[in-house]
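Peer 1: Here you go, one structure.
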Amino acid sequence: MILAFDAHYQDTGSRLVAAIFQDWTDAEASTLKTWTFGLAADYAPGQFYLRELPLIMAALADFDLAEVKAIVVDGYVYLNDQGRLGLGGHLYNELDGKIPVIGIAKSYFRDTNAEAVLRGESKKPLYVTSLGMPQAEAAAHLRSMAGPYRMPDILAAVDRGTKG
């Protein structure tokens, strides 16, 4: 199983959504699962992981991690080419490096060597970073995901789910 997570934050609480799917080429998730939490930690530039990582770790308690082949997060695995960790890197470490983590970001973050991936007819790339899986392989998986647009259909569904 592959999991893709995204979260949304409001003044009243936080919502985390996961798409559960079996293969990178699946047309849609087999399940979309939603968790609601209280207020998240305040946003701190460069420390986004403090806000979202606790939500993902709480949600992962609902899964048999031995069955998880990879986890996709909305954001970066690392924030520069010197190895400064982003959300995905902190998640990878929390999981003792046992599950590959792929970060897919919509905007470029300076100093990363993220791989830019164009999908559909978009002129704007998505940016891929990964740990536990070669970055070129992670980018190939993103390219193979279903959907004609910049954002794969499964990841778009997760994003929509966070908005309630």
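The values are calculated or read from the model by the stated rules, or taken from the named source; none is laboratory data. What you are looking at is a predicted structure, and each value in this text was computed from that prediction instead of being measured. Cβ: placed from backbone, ideal geometry, glycine included. Neighbour counts: every protein chain shown. Keep in mind that these areas ignore ligands, DNA and RNA; they rest on the heavy atoms of the full protein, side chains included. Shrake-Rupley method; radii C 1.70, N 1.55, O 1.52, S 1.80 Å.
Peer 1: Set the Förster radius R0 to 25 Å, insert the Cβ-Cβ distance between residue 58 and residue 160 as r into 1/(1 + (r/R0)^6), and round the FRET efficiency to 0.05.
Peer 2: Step by step, r from the Cβ atoms, then E = 0.70.
Peer 1: Further question on the same structure: Given the DSSP H assignment, sum -39500 (n - 2.57) over each helix run of at least 4 residues in the chain and divide by its residue total; what's the result at 222 nm in deg cm²/dmol, nearest 500?
Peer 2: The helix-only estimate for the chain comes to -7000 deg cm²/dmol at 222 nm.
Peer 1: Then there is this: Compute the distance in nm between two label points, each set 7 Å from the Cα along the Cα-to-Cβ direction, one at residue 98 and one at residue 121.
Peer 2: 4.6
Peer 1: Most mobile of 39, 85, 118 per a Gaussian network model of the chain (Cα springs, under 10 Å)?
Peer 2: So, out of 39, 85, 118, the one fluctuating most is 39.
Peer 1: Pull up the cross-link candidates among the lysines for residue 98, meaning alpha carbon to alpha carbon under 21 Å and not fewer than 8 places away within one chain.
Peer 2: Candidates past the 8-residue exclusion: 69.
Peer 1: Among 14-26, 52-64, what's the highest-first ranking by average C-beta atoms within 10 angstrom per residue?
Peer 2: Ranked by mean Cβ neighbours within 10 Å, highest first: 14-26, 52-64.
Peer 1: Counting only DSSP beta bridges with both residues in the stretch 51-164, what percent are antiparallel, rounded to the nearest 5?
Peer 2: About 70 percent, rounded to the nearest 5.
Peer 1: Calculate one ³J(HN,Hα) per residue across the stretch 147-163 by plugging θ = phi - 60° into the Karplus curve 6.51 cos²θ - 1.76 cosθ + 1.60, and present them in order as whole Hz with x for glycine and proline.
Peer 2: Karplus values, whole Hz, x for Gly and Pro: x, x, 10, 3, 8, x, 4, 4, 5, 5, 5, 5, 4, 4, x, 5, 7.
Peer 1: What is the distance, in nm, between label points placed 7 Å from the Cα along the Cα-to-Cβ direction at residue 10 and at residue 107?
Peer 2: 2.3
Peer 1: Would you kindly state how much longer the chain becomes between residue 23 and residue 43 on full extension, computed as 0.36 nm times their sequence separation minus their alpha carbon distance, in nm to one decimal?
Peer 2: Gain in length upon complete extension: 3.9 nm.
Peer 1: Quick one: ranking 122, 107 by accessible area, 1.4 Å probe, largest first, what do you get?
Peer 2: 107, 122
Peer 1: Report the calculated FRET efficiency for residue 30 and residue 140 (r = Cβ-Cβ distance, R0 = 35 Å), to the nearest 0.05.
Peer 2: 0.95
Peer 1: Sequence neighbours fewer than 8 away in the same chain don't count; with that in mind, list the aspartates and glutamates whose C-alpha is under 14 Å from residue 106.
Peer 2: The reachable aspartates and glutamates, counting only those whose Cα sits under 14 Å from residue 106, are 6, 74, 115, 159.
Peer 1: Based on the alpha-carbon gyration tensor of the stretch 38-100 and its eigenvalue square roots a ≥ b ≥ c, which shape applies: rounded if a/c is under 1.5, prolate if not and a/b is larger than b/c, or oblate?
Peer 2: The shape class here is oblate.
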